[in-house]
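Here's the structure we're looking at; comments come further down.
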Amino acid sequence: MRTSGRPRIALVYPSTYQASITNLFTHIAYYFLVEKSDALVDRFTLDNPSEGAITSRKLHEFDLLLVSANYELDLLYLSKLLDRSGIELSSNKRRKKPIILVGGLAAMANPEPFLEVADACYVGDGEILLEKLARSLSLLPDKPADFLESLGEGLYTGEATTEKVYVEDLNDAPHPTAEIRSKNVEPVYGEGFYIEISRGCRWLCKFCLEAYTMYPFRYRSLETIKSLVGEGLKYVRRRRVVVYSLSPFDHPRFRDFLSYMVENGIDFSIPSIRWDTLRLDDLDLISLSSQRTLTLAPESMNRDLSCSIGKCFNFDTFSELAISALKKGFNIKLYIMVGLPLEREEHVLETIKHVKYLVSYSRKLRKNITININPLVPKPHTPLQDHPLITEEEYLRKVEFFRKEIGENRVTSLRWLYAFLQSLIALGNREIGKLAVSLALRGLSRRNIVELSNTLGVNTEYPLRWRSPSERPWHKVVFPLDHVVNKLSL
Ligand code: SF4
């Protein structure tokens, strides 16, 4: 083991390079550590699993791997990535460096499966971790156990109960202005300065992992946002801003921010909008940007069903908004969810009827409406955490129905197998972590899931049935709203 020199930190994003530079934490972590610590920092993704993007060093030469796992399947991709680098996957068997510390939505909501690979998971906002980490780096590489212990609150190792830690005021949290860019690959939403204007979402829809794990809702002041944008635009090739927020129109000064950008010749894109926060006159402002598609997620177009999950749908209001958007030249991408609690055939029929009406309108205007269907995937810490995942048969039947009624070419859907795997890991325990690792090594297929779960003696039927509160492997990870959620989900 190396006993001297600068500590080495690898930022690991277990997805494509493009996805990594679309994730804001990659930029925050990279610039924070480069500027505020003496660590040697490099970045690894599935596109460069073995060699760092900057130093070309091998992953196993690093003392600490800081991993972002925002999606459950990242556990499989991470395992693959580590395996390709010759790093022992099992945290119990790994005797040498590196330390593997995993954060991100999926890992913090239920760290148990991730601990099969990770030495610890971080339950909280990454900026707090970075501050602590920078102070403790002198303990690396020689005192890894002391290093982990020094990180304190928010660190989950499977032993003690851990409460989520979070930044109270986003204005005080670091936000990079120079973001990582590549000559060959643009981030997913295109070139421009990416800014997070708010975190969390006040609507708390009953299925929404982001809203419950990112609680409380916080936002940056307009002054902070303007100052970040002013600086950030100096370093990008296009005078364009991509707005990160779960529901941007909930920011009290968002409309002022949009007007500011229009007045200053700044193009912008708003990837996600809660439809009932959008006013008709907002469409005028947005149409001044180059954004030509609005992504709206009513989930269901039946009023009672949608209200029961926290997204009350009203067809008159929605169709007025959608038609007005189409007339102003926007295409619309709709997100629909099936497998909701108490969902009946007539609810699905009603959604199809409304979508068909809007589609026929869009045709007249030569605009496009597409529909993306997802099953409800039950997630920890949400009021629907104990709800069963829809069966494959039922899911395929409903998706087929949408396809037939609305048109093959307009409807895309998540593969049920992926939803099943997501729920398996989201709701799973350490044993499921073992299964996920074996699956990553052998290859993702139905047959391998069945064979490996038999060999390992791991139960995989639980996502498809109601579960009791005693079946929550994440119970030692505490989020601010758990006391309310636990009552609601009984
Ligand atoms: S509005 Fe969107 S982000 Fe907010 S809680 Fe509902 S689903 Fe989640």
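FYI, it's all coordinate maths here, none of it is from the lab. From a predicted model like this one, the values you see are computed outputs, not experimental measurements. Every residue, glycine as well, gets a Cβ built from its backbone with ideal geometry; the counts of neighbours run over all protein chains shown.
If r is the Cβ-Cβ distance from Arg397 to Asp38 and R0 is 45 Å, what FRET efficiency results, to the nearest 0.05?
For R0 = 45 Å, the calculated efficiency reads 0.15.
Taking 8 Å as the Cα distance limit and 6 or more residues as the minimum spacing, I'd like the relative contact order of the range 363-475 as a percentage.
34
Taking amide H positions as placed in the peptide plane 1.01 Å from N, state which residues far from Thr162 in sequence (5 or more) or on other chains have amide H under 5 Å from it.
Under 5 Å from the amide H of Thr162 lie the amide H atoms of Val477, Val478, each far enough along the sequence or on another chain.
Under 25 °C and 0.890 mPa s, how fast does the chain diffuse according to Stokes-Einstein, given a Kirkwood radius computed over C-alpha pairs? Answer in µm²/s, whole number.
It comes out at roughly 103 µm²/s.
Tell me, what is the FRET efficiency for Glu168 and Glu223 to the nearest 0.05, using R0 = 22 angstrom and their Cβ-Cβ distance as r?
The computed FRET efficiency comes out at 0.80.
Where does each of Ser37, Ser287, Ser445, Ser20 land when they are ranked from fewest to most other beta-carbon atoms within 10 angstrom?
Ser445, Ser287, Ser37, Ser20
Starting from the alpha-carbon convex hull of the range 150-204, give the projected area averaged over all orientations, in nm².
7.3
Of Lys328/Lys353; Lys143/Lys226; Lys328/Lys404, which sit over 32 Å apart, Cα to Cα?
In this structure, Lys143/Lys226 lie more than 32 Å apart at Cα.
Quick one: net charge around Val167, please, counting Lys, Arg +1 and Asp, Glu -1 for every other residue with C-beta under 15 Å from its C-beta.
Computed value for this residue: -4.
For the range 8-163, what relative contact order do you get, as a whole percent, if you take Cα pairs closer than 8 Å and at least 6 residues apart?
21
How long are the three semi-axes of the equivalent ellipsoid of the range 359-445, in whole Å, if each is the root of 5 times an eigenvalue of the C-alpha gyration tensor, listed from largest down?
For the range 359-445, the ellipsoid semi-axes come out as 33, 15, 11 Å.
Can you pull the one-decimal nm distance between simple spin-label points at Arg344 and Glu408, each 7 Å off the Cα toward Cβ?
Modelled inter-label distance: 3.4 nm.
Separation between the Thr317 and Glu461 pseudo-spin-labels, each 7 Å from Cα along Cα→Cβ, expressed in nm?
With each label point 7 Å from Cα toward Cβ, the separation is 4.4 nm.
Need one number for the range 280-344: average projected area of the convex hull over its C-alpha atoms, nm².
4.6
Considering only the chain, what is the antiparallel percent among its DSSP beta bridges, to the nearest 5?
10
Gain in length, Lys353 to Arg430, computed as 0.36 nm per residue apart minus the alpha-carbon separation, to one decimal in nm?
23.3 nm
I need Asp142, Asp267 ordered by Cβ neighbour count within 10 Å, fewest first.
Placing the least packed residue first, the sequence is Asp142, Asp267.
At a threshold of 8 angstrom on Cα-Cα distance, excluding pairs fewer than six apart, so keeping six or more, what relative contact order does the chain reach in percent?
Dividing the mean separation by the residue count of the chain yields 14 percent.
If each residue of separation counts as 0.36 nm, what is the full-extension length gain between Asp284 and Ser138 once their alpha-carbon separation is subtracted?
47.2 nm
Among rounded, prolate and oblate, which fits the range 8-163 when a ≥ b ≥ c are the square roots of the eigenvalues of its C-alpha gyration tensor, a/c under 1.5 means rounded, and a/b larger than b/c means prolate?
Rounded, because the longest to shortest axis ratio a/c is under 1.5.
Quick query: amide H of Val67 versus all other amide H atoms, modeled in the peptide plane; which residues come in under 5 Å with a sequence gap of 5 or more or a different chain?
For Val67, the qualifying residues are Val12, Leu101, Val102, Gly103.
Please report the antiparallel percentage of the DSSP beta bridges confined to the range 8-163, to the nearest 5.
20
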